[in-house]
Amino acid sequence: MQNVNALPAPTIELKDIHIPEQISSLPIAYGWWILAALFIVLIIISIINIRKRIKRNEIKKQALKKLKNSPEQSIDNTIALLKWAAMHYFSRIEIAKLFGNSLQQFLISTLPIKHQENFTKLSNKAFSMQYKTPIYDAKDTHISEQFSEAAKVWLTHALPPKPHNVSKSKTINIHTTTSENTVQGANS
């Protein structure tokens, strides 16, 4: 019997399979470096803005704390506290010369419109009694408490001022004080 499968086998030389070299992730593409730098810059800007906001609200917090720690404070002391806080956020020259109705109008003008009526209602009696002779009675403590509430409203909602409120309040102050000076000069 003859072997049927007796064909000569082809002699092909096979080489081993080689795995390609590992692709390196370095150097990182320029886009990733730009993205990382942009991310770091955004973090730095955010930190700076947060610090500015904290520093800007520091005087407001101090004034609210003083008001909270001394609820039986007199009207004059509360007005002094409001002027002190206002001088840190607005022009010192304009605030220093305000008193009585001109101060009240300034405080009202720096508040957002939705809080102006409440502040006016709470502070009217205190500003009208400011220069009267001090005679102690229970009504005065009630007015002091109301004015304390008005001061809290003003400190909470008017400070720190929005940029458009600063310029608006400066022009209102100038017009208010000049009209008062004109009236005072005409009467003397």
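Here are a few things to note about the model shown:
- When residues of region 37-57 are limited to those that are open to solvent by less than 90 Å² (accessible area, probe 1.4 Å) and of a type outside the set (Val, Ile, Thr), the one farthest from Trp84 (Cα to Cα): Ala37
- Checklist (1) open to solvent by less than 100 Å² (accessible area, probe 1.4 Å); (2) at pLDDT below 85; (3) closer than 30 Å to Trp154 by Cβ applied to Glu72, failing item: (1)
- One residue stands out among those in region 48-67 that are assigned to a helix (DSSP H, G or I) and in contact (Cβ under 8 Å) with a residue 60 or more places away in the chain: the one that is farthest from Pro161 (Cα to Cα), which is Leu67.
- Flag for Ile113 being under 27 Å from Arg53 (Cβ atoms), open to solvent by 70 Å² or more (accessible area, probe 1.4 Å), at pLDDT 75 or above and under 27 Å from the mean Cα position of the chain (by Cα): yes
- Exactly one residue out of Ala126, Ala86 is open to solvent by less than 20 Å² (accessible area, probe 1.4 Å), modelled with pLDDT of 90 or more and either assigned to a helix (DSSP H, G or I) or out of contact with any strand residue (DSSP E or B) (no Cβ under 9 Å at 6 or more places or on another chain) (or both), and it is Ala86.
- Taking every residue in region 95-110 that is without any contact (Cβ under 8 Å) to a residue 40 or more places away in the chain and pairing it with any residue that is part of a loop (DSSP other than H, G, I, E, B) and surrounded by 14 or more Cβ atoms within 10 Å (Cβ to Cβ), at least 6 positions away or on another chain, the pairs with Cβ-Cβ distances below 7 Å are Gly100/Gln130.
- Here Lys162 does not qualify as modelled with pLDDT under 90, in contact with a Ser or Thr (Cβ under 7 Å, 6 or more places away or on another chain) and under 26 Å from Lys52 (Cβ atoms).
- Residues in region 75-94 that are touching a residue at least 40 places away in the same chain (Cβ under 8 Å) and not hydrophobic (A, V, I, L, M, F, W, C) were compared, and the one that is farthest from Ala158 (Cα to Cα) is Asp76.
- Any hit, region 7-17, residues being free of Cβ contacts under 8 Å to residues at least 12 places away in the same chain, open to solvent by 100 Å² or more (accessible area, probe 1.4 Å) and within 24 Å of His142 (Cα to Cα): no
Residue-by-condition table, conditions (1) modelled with pLDDT of 85 or more; (2) farther than 19 Å from Trp154 by Cα; (3) of a type in the set (Val, Ile, Thr):
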{"position": "Leu7", "(1), (2), (3)": "no, yes, no"}
{"position": "Glu21", "(1), (2), (3)": "no, yes, no"}
{"position": "Ser24", "(1), (2), (3)": "no, yes, no"}
{"position": "Trp32", "(1), (2), (3)": "yes, yes, no"}
{"position": "Lys60", "(1), (2), (3)": "yes, no, no"}
{"position": "Phe99", "(1), (2), (3)": "yes, no, no"}
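The values are calculated or read from the model by the stated rules, or taken from the named source; none is laboratory data. On a predicted model such as this, the values are computed, not experimentally measured, just so you know. We place every Cβ from the backbone using ideal geometry, glycine too, and count neighbours over all the protein chains shown. Note: areas computed on protein heavy atoms with side chains; ligands, DNA, RNA excluded. Shrake-Rupley method; radii C 1.70, N 1.55, O 1.52, S 1.80 Å.
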